[in-house]
Structure formats: C-alpha cells, structure tokens
Amino acid sequence: MEVVQDSTELVNWFRSSAPYINAHRHKTFVLMIGGEALETDNFQDIINDIALLNSLGVKLVLVHGVRPQIQKQLDLHGHISEFHNGLRITDDQSLALVKQAVGAVQIELQARLSMGLANSPMQGASIRTVVSNVVTAQPLGVKDGVDFCHTGKVRRIDVDGIKTQLASGAVPVISPLGYSVTGEVFNLLAEEVATQVAIGLQADKLIGFCSNTGVLDEQGRVISELLPEQAQIHIDLMEKESEQASGTLYFLRAAVAACKAGVTRSHLISYYQEGALLKELFTRDGVGTQIVKESYERIRTATIDDIGGLLELIEPLEKQGVLVKRSRELLENEIGHFQIIERDGMVIGCAALYPFKDEKMGELACLVSHPEYRRSARADNLVVHIERKARELGLESIFVLTTQSIHWFRERGFQFADISDLPSAKKELYNLKRSSKVLIRKIR
C-alpha cells in the first residue's frame, strides 16, 4: 500500500510540475552559490539538482562565492584580513590567498558537475562547464579614509561572451574575481557579480542559496513573496541588528538591485534544505522567498479563458450542495460578474458581484477559495475587492444567500435580514427549498 501511495504522490507531483518544466525550458537562470554551501552535506544534492535543470533545457550560469574558503586560507597562514562596512580589505597577501581559494573552489565545482557515474543521479548528465573570464573590475578605492587595496567592484560584464558559452550548451562558472584593463586582479562580492550578470543577460531568474529558508517574519515563518520596497524594509532591519553582513542580507540587496534593473524574479532558498531548488522552481508555492517586480498573485476580472479554472474550483462545492450548480453556459454568460484570484496561472479563488442598481444593492455570490489556500486571508481579500467594485457602481450594501457559511459572514459584519429586504428581482428567484439565510452589510 505504501508503494502505491508513494507512486501516486510521485505521479501527482510530476503532473503538477509539468507547466513549470515547459515554462523554464530555454530560460536563463543565474545561480549564486556561496562558499558556505560547498561545506554542507547537501552540496552534492544541489549539484545533482543543477544537473537536472540542465537536462531539462534550462540555460544556467553559476556564480560562486568563497568566503569560508578564504577565511580557512587566512587562518592557515596566520594572516588577519580586516573588514570595513562588511567588505574585506584585500591586501597583497590576502589577494594571494583569495586566488588559491578561488582556484580550489572552481576545480571542485567543475569536478562535481562533470560526474557521470552509473547508479548516481548524475549518470549521463554530460555537463560541459566553462571557467568564464567575463568580469571587468575596477578598484573600490579609498572610502571613509580606508584603502580597500585589491577589493574591487564590477565595471563591466562581457554579456556576449556569456551568451556564446550558453549557446554552445555550456554552463559558465564565474568566480568573484575581476580583472582590470591594466591587468590587475580584484576581489569582488559574489552577490554583486551575480547581480550584474543577471542584469546584463536580462536573466529570467536570479537564485541565491543562503543559510535561511528565505526571509522570515516575526513568527519565524517564510515570507513567500516580497516586492522590492518590502524587501528593503527587511534589509534596513538587518543592517540595524548586525554589523556583520550575512549571506541573506547580501543576497537581498542583490535581488532588489536586480529587480529594479529588470530581472523579473529573484529567489532566496536554503542550501541546507534538501531539494530546495526543485521545490522552489517546480511547485506553485515554492519553499523560499521570491523578490518580484509585481505580485505573481493578483485579483482580476475573469475572462472566458478562466472558465475551466472556475469550474474546477466550484464543482466540488456544488456536489456537496454548498453552492448552487452553475452550468458552463451560465458561467460563460455571467463571466463578467466574476472576480478571481490568479496565482501563477492557476485560479485559486473567486467571487461574483451581481448589481441591482435600482435598489443600490449587490449580491456577493460564489465566494470560494482553493482548499490549499483556505487558511490564508484570500476570501477576506475577495470580499474587500467586491465591496470596492460595489462602491464604484454606486451601491450602498451587499447581501449574501448562504446555507453553511453563516457564522463566517456574521464575523465579518453581515447582519441577518429577511427575504423581503432583497431586491425585487432577487425575491422572485429565491429558492425556498434551499432556505438560504439572508445577510446584508452596509458598505457606505
């Protein structure tokens, strides 16, 4: 029985992921993997998941960090590297050790990505990597009286060079080292490199691996979506709480910059969580935090193209007798009355408003949210949206007819009323057999 159940879950997951497999094919993703990820037991699984993305036709650019590896080299050689405003001051000796750390990490990444052992997730992967010298840098210079020496910032990204490598089917591996036109080497922030690469390519996604499972709220829950201005609030809080910048803070700054420069979505996931990359990309809700230019969940007026999604949403409740049955033809005729919540192309909520303008009343009907989203406030959001629409039409109250959601509406300010309080046209259609309760709420 367990085998059957597991197989069914696998089939259901694969079916639900199919739209994302199609959507991600031939798209360009920039992956930012900090050096910390390489130190975890989960790193090989991350590599396996990267190989899977590559096999599904996703164009991948891998930017890696080396912070812990640099620190190990410094400790090994008894050298202290100072920081100022969260940035390493890279003197001559530090730079030599940075180069060693970068070289070791690049070799490790290429070795892992090149694995094709039988009886392993990498079997037949045939991933071709290219160590990509595409970052032109310049010195950070002297700030606040501090000379940052060989610490630099990105001056230019060779976008055409990366595109050529991607077109050949290779995965460019880019380090946090940049080179100047005068032949100097500069130590860069990996997050800045990843950001500038994503912006230059106008990548479809920038994905960062950090210790946290996304950005957390005050209760320790993952915030699934942030707009740039919302993410900035969290950045400001993190900067106040700690002098030492964290990987999450670095990446949030990068994501906001990328978002403002045209990268539609940036994802923050944990390098500790097994399968986080696949769960984030191939499930509707993901597991981390997205920083998006505009919300991928919105309320809008339904169209004919939404009929299938509406039927899938309301038919189970019609069978239970909670809702009055509506045929496809009726839905098509009344589609303009419906408002839906769309989440990444899926209808997860709906409500209808039928105005009776002579009486300045409106009927709120067919209020439904998807079973997987009923613990959230989406039904409340729909009611607020319907009320706003009603006000725009000059209506002064809305009413509902319900048999099983009486307390829910009562808790939201709806008052018991009588059939005689309904608009005359609605009184004629009232179904005595259902004995629905009438509840009304003033909206002006």
Exercise. Mind listing whichever residues of the range 400-425 are open to solvent by less than 30 Å² (accessible area, probe 1.4 Å) and under 38 Å from the mean Cα position of the chain (by Cα)?
Key: VAL400, THR402, PHE409, PHE414
Quiz item: Within the range 195-213, can one find any residue that is part of a loop (DSSP other than H, G, I, E, B), open to solvent by 60 Å² or more (accessible area, probe 1.4 Å), more than 21 Å from ALA37 (Cβ to Cβ) and not acidic (Asp, Glu)?
Solution: yes
Quiz item: Pick from the range 305-344 the residues that are of a type in the set (Lys, Arg) and in a loop (DSSP other than H, G, I, E, B): which of them is surrounded by the fewest Cβ atoms within 10 Å (Cβ to Cβ)?
Solution: LYS325
Exercise. Considering each residue of the range 281-304, count those that are surrounded by 19 or more Cβ atoms within 10 Å (Cβ to Cβ) and of a type in the set (Ser, Thr, Tyr), and give that number.
Key: 1
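From the list GLU315, GLU359, GLU334, exactly one residue is in contact (Cβ under 8 Å) with a residue 24 or more places away in the chain and farther than 21 Å from SER17 by Cα. Which is it?
Values: GLU315 fails: in contact (Cβ under 8 Å) with a residue 24 or more places away in the chain; GLU334 fails: in contact (Cβ under 8 Å) with a residue 24 or more places away in the chain.
Of GLU315, GLU359, GLU334, the one residue that is in contact (Cβ under 8 Å) with a residue 24 or more places away in the chain and farther than 21 Å from SER17 by Cα is GLU359.
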Quiz prompt | Unmet requirement for THR151, which otherwise passes all of (1) more than 17 Å from MET32 (Cβ to Cβ); (2) open to solvent by 20 Å² or more (accessible area, probe 1.4 Å); (3) polar (S, T, N, Q) | solution = (2)
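Please work out which residue is modelled with the lowest pLDDT, limiting yourself to the range 50-89 and to residues that are among the charged types (D, E, K, R) and buried (at least 21 other Cβ atoms within 10 Å of the Cβ).
We begin by selecting, within the range 50-89, every residue among the charged types (D, E, K, R); these are 59, 67, 72, 75, 82, 88.
Then keep just the ones that are buried (at least 21 other Cβ atoms within 10 Å of the Cβ); that gives 59, 88.
On the way: LYS59: 96, ARG88: 92.
Among those that are among the charged types (D, E, K, R) and buried (at least 21 other Cβ atoms within 10 Å of the Cβ), it is ARG88.
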Quiz item: Tally time: how many residues in the range 130-181 are part of a strand (DSSP E or B), free of Cβ contacts under 8 Å to residues at least 60 places away in the same chain and not hydrophobic (A, V, I, L, M, F, W, C)?
Solution: 11
Quiz item: Taking the range 371-382 as the search range and keeping residues that are within 20 Å of the chain's Cα centre (by Cα) and closer than 16 Å to ARG298 by Cβ, which one is surrounded by the fewest Cβ atoms within 10 Å (Cβ to Cβ)?
Solution: ALA377
Self-check item: Residue in the range 34-48 that is under 30 Å from the mean Cα position of the chain (by Cα), within 23 Å of VAL263 (Cβ to Cβ) and surrounded by fewer than 15 Cβ atoms within 10 Å (Cβ to Cβ) present
Solution: no
Exercise. Only residues in the range 33-44 that are in contact (Cβ under 8 Å) with a residue 60 or more places away in the chain and over 10 Å from TYR272 (Cβ atoms) count as the first member; pair them with residues that are open to solvent by less than 20 Å² (accessible area, probe 1.4 Å) and not in a helix (DSSP H, G or I), Cβ under 6 angstrom, at least 6 apart or cross-chain, and list the lot.
Key: ILE33/HIS64; ILE33/PHE209; GLY34/GLY65; GLY35/GLY65; GLY35/VAL66
Quiz item: What are the residue pairs meeting all of these: first residue in the range 206-229, first residue farther than 19 Å from GLY275 by Cα, second residue in a loop (DSSP other than H, G, I, E, B) and among the small types (Gly, Ala, Ser), Cβ atoms under 8 Å, and 6 or more apart or on different chains?
Solution: GLU225/SER295; LEU227/SER295
Quiz item: Does the range 271-280 include one or more residues that are of a type in the set (Phe, Trp, Tyr), open to solvent by less than 60 Å² (accessible area, probe 1.4 Å) and modelled with pLDDT of 90 or more?
Solution: yes
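Can you confirm whether ASP75 is part of a helix (DSSP H, G or I) and either under 31 Å from the mean Cα position of the chain (by Cα) or of a type in the set (S, T, N, Q) (or both)? Working first, answer last.
Details: part of a helix (DSSP H, G or I): yes; either under 31 Å from the mean Cα position of the chain (by Cα) or of a type in the set (S, T, N, Q) (or both): no.
Against the criterion (part of a helix (DSSP H, G or I) and either under 31 Å from the mean Cα position of the chain (by Cα) or of a type in the set (S, T, N, Q) (or both)), ASP75 does not qualify.
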Quiz item: Would a scan of the range 111-126 turn up a residue that is open to solvent by 30 Å² or more (accessible area, probe 1.4 Å), in contact with a strand residue (DSSP E or B) (Cβ under 8 Å, 6 or more places away or on another chain), farther than 27 Å from ALA261 by Cβ and in a helix (DSSP H, G or I)?
Solution: yes
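Give the range 240-279 a look and list any residue that's part of a helix (DSSP H, G or I) and among the polar types (S, T, N, Q), or say none.
Quick first cut of the range 240-279, residues part of a helix (DSSP H, G or I) only: 240-241, 247-260, 276-279.
Selection gives THR248 alone.
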Exercise. Answer yes or no: is there a residue in the range 383-399 that is farther than 18 Å from GLY321 by Cα, open to solvent by less than 40 Å² (accessible area, probe 1.4 Å) and among the polar types (S, T, N, Q).
Key: yes
Self-check item: Every residue from the range 384-414 that is free of Cβ contacts under 8 Å to residues at least 40 places away in the same chain, closer than 19 Å to GLU334 by Cβ and part of a helix (DSSP H, G or I)
Solution: GLU392
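The values are calculated or read from the model by the stated rules, or taken from the named source; none is laboratory data. Because the structure is a prediction, the values reported are computed rather than measured. Heads up, the Cβs are rebuilt from the backbone with ideal geometry, glycines too, and the neighbour counts pull from every protein chain shown. Only protein heavy atoms, including side chains, enter the accessible area calculation; ligands, DNA and RNA are left aside. Shrake-Rupley method; radii C 1.70, N 1.55, O 1.52, S 1.80 Å.
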